[in-house]
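Here the structure is laid out as C-alpha cells; the discussion comes afterwards.
The values are calculated or read from the model by the stated rules, or taken from the named source; none is laboratory data. Note that this is a predicted model, so its numbers are computed, not measured. Backbone-built Cβ (ideal geometry, glycine too); neighbour counts: all protein chains shown.
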Amino acid sequence: MLIKSNELLQKDEMPELDIIDSFYLKCFTHLNTARSAGMGVGHIPINIIFDYASRYGLDDSFVEIILGVDREFIEDGNRDKQKDNRT
C-alpha cells in the first residue's frame, strides 16, 4: 500500500515490482507480523529475522536487506508521526 499526500494510490498508479523486489516484499510482510507494538512501533526482532533466513536457506545478505527495509519502515513512521505532531 503506497500513500501519496495522505491518500492511497490507485491500483494503476502502483509501481511494478520485479521478481526480486516481490520476494523481499513478501518476506518483509511475513516478518512484519513479529514486530512489537506497544507505545510505538518497534523493530522486527533480529532473532526472528535470523530464524526466518535459516528456515528458508537464505544468506546474510537477506538479513542485511530486511534490516535495512525495517530501518526505513521505522524511520518513515517516525517522520510521519513528527509531521502529525507539528500540525
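Under 8 Å between Cβ atoms, which residue pairs at least 6 apart in sequence (or on different chains) link something in the range 30-42 that is modelled with pLDDT of 75 or more with a partner that is outside any loop (DSSP other than H, G, I, E, B) and small (Gly, Ala, Ser)?
Val41/Gly77
Return the pair list, or none, for Cβ contacts closer than 9 Å from residues in the range 48-64 that are surrounded by fewer than 16 Cβ atoms within 10 Å (Cβ to Cβ) to residues that are aromatic (Phe, Trp, Tyr) and assigned to a helix (DSSP H, G or I), at least 6 apart or on different chains.
From the range 48-64, the pairs are Tyr56/Phe62.
Given the condition of a type in the set (S, T, N, Q) and either assigned to a helix (DSSP H, G or I) or modelled with pLDDT of 95 or more (or both), answer yes or no: does some residue in the range 13-26 qualify?
Within the range 13-26, one or more residues are of a type in the set (S, T, N, Q) and either assigned to a helix (DSSP H, G or I) or modelled with pLDDT of 95 or more (or both).
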